[in-house]
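Please read the structure below before turning to the comments.
The values are calculated or read from the model by the stated rules, or taken from the named source; none is laboratory data. The structure presented is a predicted model; accordingly, all values stated were derived computationally and were not measured. Here the Cβ is made from the backbone with ideal geometry for all residues, glycine too, and neighbour counts use every protein chain on show. Keep in mind that these areas ignore ligands, DNA and RNA; they rest on the heavy atoms of the full protein, side chains included. Shrake-Rupley method; radii C 1.70, N 1.55, O 1.52, S 1.80 Å.
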2 protein chains.
Amino acid sequence: MKKDVVIIGASDVGISAALRIRELDQSIKPLVIADNKFPNFSICGIPFFIGGEVKKSSNLAHRKEKDLKNAGMELLLETKVEKVVPDEKKIIAVNNKGTQEIYYDNLVLGTGGVNIEPAISGLELPEVFFMRWMDDAISFDNFIKENQPQKAAVIGGGYVGLEMADALKKRGLEVTVLEFMDSVLTTVNPRFRKLIKDKLENEGIEVILNTEVKNIEKIESGLKISGSNDLKLKVDTAVVSVGTKPNSFLAEGTELAINERGAFKVNKKMQTSIKDIYAGGDCAETLDFLTENYRYYALGTVAHKHGRIIGSNICGKESYFDGSIGTQSIKLFDQVISRTGLNEKEAEEAGFDPISTEITADDHKAYYPPAYKTYIKVIADKDSRQIIGAQILGSYHAEISKRIDIFAAAIYNQMTVEKFSQLDLSYTPPLSSPWDPVQKAVQQLELEF
Amino acid sequence: MKKDVVIIGASDVGISAALRIRELDQSIKPLVIADNKFPNFSICGIPFFIGGEVKKSSNLAHRKEKDLKNAGMELLLETKVEKVVPDEKKIIAVNNKGTQEIYYDNLVLGTGGVNIEPAISGLELPEVFFMRWMDDAISFDNFIKENQPQKAAVIGGGYVGLEMADALKKRGLEVTVLEFMDSVLTTVNPRFRKLIKDKLENEGIEVILNTEVKNIEKIESGLKISGSNDLKLKVDTAVVSVGTKPNSFLAEGTELAINERGAFKVNKKMQTSIKDIYAGGDCAETLDFLTENYRYYALGTVAHKHGRIIGSNICGKESYFDGSIGTQSIKLFDQVISRTGLNEKEAEEAGFDPISTEITADDHKAYYPPAYKTYIKVIADKDSRQIIGAQILGSYHAEISKRIDIFAAAIYNQMTVEKFSQLDLSYTPPLSSPWDPVQKAVQQLELEF
């Protein structure tokens, strides 16, 4: 079988690439191959499904299978690609009907990430779950329905771990978060970490820091988790979420270059080291806009950008990825925490001379109640005076996730602290101030140069 | 009396300039003169006070009098400046204690705007109100309390008129909006105008278009309003809001240049035609960023920028106003309407070759209910491919006013439609999509080039 474009992986990169191709060139009918039966599902939505805010797992589909077909792509599901043979421009795919060789003109690797498995014994127990793909979510949901666990441990206090803690609490479980480091969400600044921990505890979640989980064992009444600092915790189920690493096993036996972390090396056109093979998303490295280094960001937004750029380049519309600045938002209970750009440590490591400030400001005029107290941290580089990072924490109702995007736009456009005050941002008393809080923060920072 | 800095007007420009001066040079103690007793009040908040969402008029103070004094400015209230004598660098001020001459090194004109008075007979009736300053608001509030009017007419369907219609409805009155043009809020695109009119009508507000009010007369039971199209309307009170013109009477007898609209002419440093005299806000003209023409924007955000730049320049920190792009948001009931940059007509008039698109998109992933349908219009210039305008309409909960700011930042940074897709905007399913709706709109526009 021969195809113009073969795409391995039907998640963000794969589907974005296929949609872009169809947008630009209707003569190409990309073949998208997935090892599961859930093409184009929003895996970022899994915690909300577990928490019950999303009623059915099928709701998590960005598009339904028939929409994808109608959009002009061909789907080959529940099919595992075992090998890429670049010299012959073919792949070898296996499913329950057998093995087939598929030849390609262009190949897209969107194989995603795999779970980092910490050195904990007992991860294979049926009460222990990783939470990455739809299969994981559906299994865990079924487990909860059938076994009605009362107590859960979440191992890992990063983005997904905290979303899962929130979800399980909403689902009615008692939840303990276990974190190896000295705080949850270490990507944000210390003040925010403390506020988040306080929030989790106020919501009834136990947070245990500085503690390494070493062992999970089955006991009569559930699981016993033990580890450093005399950790001894009895729970009914555990979710492990300690990070993502690239799924790049297809590099084996090829000249496909991978970096020291195992991610496919790519250039700005998202081309791998082998002609006509592209890669993007969680299986590939990501150019960092500010440092011009390659980093590893496992983010849906980045994967969508990669996919679109791959689609453009395959269709001959030259397109370059300018880089990510790591913009992320997370909703926990009624709070939102957003970040973009570098934190101080990252900035120093990248050779910047960071200067920063933190302010507390109402999201809008306090005379129009309720106004929400909002914490804003901004970081600039002393020499260039450019804004290089920002973090905001506050109410779900305080438009925080789109306020961080004002910073994201400023960073991308290399705006200085002075120029930021020139931005003509919108104001009406129920929604902002004549100087938006983001500008107040930068004006405060300007004084500290 | 001699002062380093004399500021006429204690609203946005005056206080912003004074605060900036104090920030940069504590040796200067600016004298701020106001013809009223409400320094630094948020007149943008007046409709929310009338509507009852702001409980006391005093809440509308951005800062209290003592805060202003503590910040290091001197206040001279209820004092009218009658004349500026630039040759002698002095002003003549009158209050109930008499007349005084005050000499200045630097003078700031922040005299604001005055109401445009349409050619309607009866505007002087005590049941007819303009709504600009705190005195107006307090008088109207007292009038409502004392007379308990049942029916109100709002003459003028612009921003303030519609906010007042919303407010009076919340206050329990029956409301009719009377508009001379063929739609309300003519600064936004036709589809939005229609949606806004429908919204007002759904909320029980009568909207009468294409109708010129000519006469308001007192009748036994209230007011009779008549005009073109056989308009005959009985109400108990009327609010007139047909626009703002600059309050520049201090130009009389001086060489202070004013433009054809009566606004003080200024350069990018906010200097008038006379040395050491600055002007900003509603009494001055405003540089338009996109067209590089001077326009008239009566906006608090612009006035704050002007004031800050004036303060910087007075203190010797050279500062230039890059221009406004007319970003505005309005909340009407549970809807927000935002705009930034040019609409198509303005773009054509300014010599651009506009191309536009409109999309409807959920503000965030629909699987996390409730998602809100959001209308987005984007306008770009065909030659430069730069985004030059955007408008968004939708729910109060859809972060619309900060989404328009992403466009505002893009326009200020002269981003092309292609570059806009590179923006690393934040995503979490309860608050956005992997491509934020603003990016979806621009990607749609890109296809239409």
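What about A:Glu358, is it under 27 Å from A:Tyr159 (Cα atoms), under 20 Å from the mean Cα position of the chain (by Cα) and away from every other protein chain (no Cβ under 12 Å)? So A:Glu358 does not fit the description; no.
Looking for something in contact with a strand residue (DSSP E or B) (Cβ under 7 Å, 6 or more places away or on another chain), among the acidic types (Asp, Glu) and crowded, with 17+ Cβ neighbours inside 10 Å - is there at least one such residue anywhere in the range B:284-296? Yes, the range B:284-296 contains at least one residue that is in contact with a strand residue (DSSP E or B) (Cβ under 7 Å, 6 or more places away or on another chain), among the acidic types (Asp, Glu) and crowded, with 17+ Cβ neighbours inside 10 Å. Each residue in the range A:302-343 was checked for being assigned to a helix (DSSP H, G or I) and facing chain B (nearest Cβ under 8 Å), and 5 pass.
Which ones in the range A:62-96 are part of a strand (DSSP E or B) and open to solvent by less than 50 Å² (accessible area, probe 1.4 Å)? Across the range A:62-96, the qualifying residues are A:Leu75, A:Leu76, A:Val81, A:Val84, A:Val85, A:Lys90, A:Ile91, A:Ile92, A:Ala93, A:Val94, A:Asn95.
Each residue in the range B:144-170 was checked for being farther than 14 Å from B:Val242 by Cβ, part of a loop (DSSP other than H, G, I, E, B) and not polar (S, T, N, Q), and 1 pass. For the range B:333-348, the count of residues that are surrounded by 20 or more Cβ atoms within 10 Å (Cβ to Cβ) and in contact with an Asp or Glu (Cβ under 6 Å, 6 or more places away or on another chain) is zero. Residues of the range B:257-283 that are open to solvent by less than 10 Å² (accessible area, probe 1.4 Å) and more than 23 Å from the chain's Cα centre (by Cα): B:Ile277 alone. Selection over the range B:45-61 of residues that are crowded, with 21+ Cβ neighbours inside 10 Å and either in contact (Cβ under 8 Å) with a residue 60 or more places away in the chain or not β-branched (Val, Ile, Thr) (or both) gives a count of 7.
The test for being surrounded by 19 or more Cβ atoms within 10 Å (Cβ to Cβ), within 22 Å of B:Gly323 (Cβ to Cβ) and touching a residue at least 24 places away in the same chain (Cβ under 8 Å) holds for B:Ile404.
Could you identify the single residue in B:Val54, B:Val6, B:Val13 that is facing chain A (nearest Cβ under 10 Å), at negative phi and β-branched (Val, Ile, Thr)?
Checking each option against the conditions leaves just B:Val54.
Of all residues in the range A:264-301, those satisfying the criterion of being part of a strand (DSSP E or B) and farther than 20 Å from A:Ile325 by Cβ are A:Phe264, A:Gln271, A:Ile277, A:Tyr278, A:Ala279. Whenever a residue of the range B:113-127 is within 25 Å of B:Ser11 (Cα to Cα), its partners that are of a type in the set (Lys, Arg) and open to solvent by 60 Å² or more (accessible area, probe 1.4 Å), lying with C-beta atoms within less than 9 angstrom and at least six residues away or across chains, give the pairs B:Gly113/B:Lys245; B:Val114/B:Lys245; B:Asn115/B:Lys245; B:Ile116/B:Lys245. Can B:Gln386 be described as crowded, with 24+ Cβ neighbours inside 10 Å and more than 7 Å from chain A (Cβ to nearest Cβ)? Considered against the rule, which asks whether it is crowded, with 24+ Cβ neighbours inside 10 Å and more than 7 Å from chain A (Cβ to nearest Cβ), B:Gln386 comes out as no. Looking only at residues of the range A:274-301 that are out of contact with any helix residue (DSSP H, G or I) (no Cβ under 7 Å at 6 or more places or on another chain) and at the interface with chain B (Cβ under 9 Å from one of its Cβ atoms), we find that the one that is nearest to A:Ala350 (Cα to Cα) is A:Leu299.
For B:Arg261, the criteria (1) in a helix (DSSP H, G or I); (2) touching a Pro at 6+ places or on another chain (Cβ under 9 Å); (3) more than 10 Å from chain A (Cβ to nearest Cβ) hold in every case but one, which is (1). Evaluate the range A:422-429: report whether one residue or more is open to solvent by 10 Å² or more (accessible area, probe 1.4 Å), without any contact (Cβ under 8 Å) to a residue 40 or more places away in the chain and closer than 22 Å to B:Gly45 by Cα. Yes. Considering only the range A:303-313, I want to know if a residue exists there that is at pLDDT 95 or above, closer than 19 Å to A:Leu107 by Cα, open to solvent by 10 Å² or more (accessible area, probe 1.4 Å) and over 21 Å from the mean Cα position of the chain (by Cα). Yes - at least one qualifying residue is present in the range A:303-313.
So, in the range A:371-383, exactly how many residues are open to solvent by less than 10 Å² (accessible area, probe 1.4 Å) and among the hydroxyl-bearing types (Ser, Thr, Tyr)? The number of residues fulfilling the criteria is 1. So for the range A:435-448 (the condition being closer than 23 Å to B:His306 by Cα, at the interface with chain B (Cβ under 7 Å from one of its Cβ atoms) and surrounded by fewer than 20 Cβ atoms within 10 Å (Cβ to Cβ)), does at least one residue qualify? There is at least one residue in the range A:435-448 that is closer than 23 Å to B:His306 by Cα, at the interface with chain B (Cβ under 7 Å from one of its Cβ atoms) and surrounded by fewer than 20 Cβ atoms within 10 Å (Cβ to Cβ).
Just name the residue that is most open to solvent (accessible area, probe 1.4 Å) out of those in the range A:1-20 that are in contact with a strand residue (DSSP E or B) (Cβ under 6 Å, 6 or more places away or on another chain) and not in a strand (DSSP E or B).
Top of the filtered list is A:Met1.
Taken together, the residues in the range A:268-282 that are small (Gly, Ala, Ser) and over 17 Å from A:Asp12 (Cα atoms) amount to 1.
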